[in-house]
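What follows is a set of notes on a single structure, which appears directly below.
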Amino acid sequence: MDFSKVKFLLSVHSIKQLPAAELPEVAFAGRSNVGKSSLINKLLGRKGLVKVSARPGKTQGLNYFQVGEQFYLVDLPGYGFAKVPKAMQNDWQGLISTYLQNRSTLKCVVVIVDIRHEPKSQDTQLFDWLRVNNIPFIPVYTKIDKLSGNERMKNATRLDKGHSIHPSQRILFSAKSGQGRDDLIAALASFVW
Ligand SMILES: Nc1nc2c(ncn2[C@@H]2O[C@H](COP(=O)(O)OP(=O)(O)OP(=O)(O)O)[C@@H](O)[C@H]2O)c(=O)[nH]1
Ligand SMILES: [Mg+2]
């Protein structure tokens with residue numbers, strides 16, 4: 001995968017703003033503040049390309065990044081952020097589920113989970129929903145730099161069980177150290193080509 005030419009394309013707030021479905025695309029989903037934008041920056045090797053924040057709810061809209069003439073990466077707004085008004089949360093959910101179900105060029109969804117946390121019902125719901133809708137996904141357990149090796153394995157197993165994920169399916173990742181980046185690129189390549 002060649003990430004030398006990457007540009008921000010647009011931020012989509014309604015289905016009719018979606019760019020023409022001309023390139024394959026990969027979406028990045030997960031709870032608010034889990035590290036979606038940081039993961040994309042690390043993947044692309046561009047520190048400031050995607051805005052990162054310690055404050056949850058930073059990413060709003062579907063943010064499209066174009067990689068060369070090869071594919072789009074789509075940074076989705078996070079779910080499970082209590083401070084956003086309910087009506088607004090529902091709008092987001094509606095837009096995202098419509099997008100995920102209908103986008104013909106969507107190759108897979110990278111679902112990002114914080115390795116430190118217990119399995120959360122919203123993540124389980126997303127995994128189950130993707131399975132029911134036959135949408136391919138790659139589970140990524142991120143922020144592994146925050147745990148010791150032992151804790152990492154213990155927590156990864158707990159998440160595997162909670163979300164019915166086979167250990168060979170998921171990737172352990174750190175946006176800080178870059179661990180897991182090669183695994184993620186290999187997994188993405190298998191979906192995009
Ligand atoms: N130590 C560590 N911190 C991380 C990692 N990934 C993200 N962070 C931090 O977690 C916070 C949230 O990161 P973002 O990338 O903005 O998270 P997001 O999922 O895009 O958040 P929203 O757009 O608000 O949904 C920031 O303070 C990041 O620096 C990681 O792998 N390791
Ligand atoms: Mg973000």
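The values are calculated or read from the model by the stated rules, or taken from the named source; none is laboratory data. Given the structure is predicted, the values throughout are model-derived calculations rather than measurements. With ideal geometry, Cβ positions are generated from the backbone for all residues, glycine too; neighbour counts draw on all protein chains shown.
Quick notes on this one:
- Count - residues of region 166-176 that are farther than 14 Å from Gly149 by Cα and part of a loop (DSSP other than H, G, I, E, B): 7
- Of everything in region 127-176 that is among the polar types (S, T, N, Q) and farther than 23 Å from Ser38 by Cβ, the residue that is surrounded by the fewest Cβ atoms within 10 Å (Cβ to Cβ) is Ser168.
- Residue pairs whose Cβ atoms lie under 6 Å apart, sitting 6 or more positions apart in sequence or on different chains, and linking a residue in region 155-167 that is closer than 17 Å to Lys143 by Cβ to a partner that is polar (S, T, N, Q) and assigned to a helix (DSSP H, G or I), are His163/Thr124.
- Applying the criterion of being within 16 Å of ligand 1 (Cβ to nearest atom) and part of a loop (DSSP other than H, G, I, E, B) to the residues of region 124-149, the residue that is farthest from Tyr79 (Cα to Cα) is Ser148.
- Failed item, numbered, when Ser104 is tested on (1) among the small types (Gly, Ala, Ser); (2) within 11 Å of ligand 1 (Cβ to nearest atom); (3) modelled with pLDDT of 95 or more: (2)
- Residue count for region 26-41, restricted to those that are surrounded by 23 or more Cβ atoms within 10 Å (Cβ to Cβ), outside any loop (DSSP other than H, G, I, E, B) and not aliphatic (A, V, I, L, M): 3.
- Scanning region 1-46 for residues being within 14 Å of ligand 2 (Cβ to nearest atom) and in contact (Cβ under 8 Å) with a residue 60 or more places away in the chain gives a total of 13.
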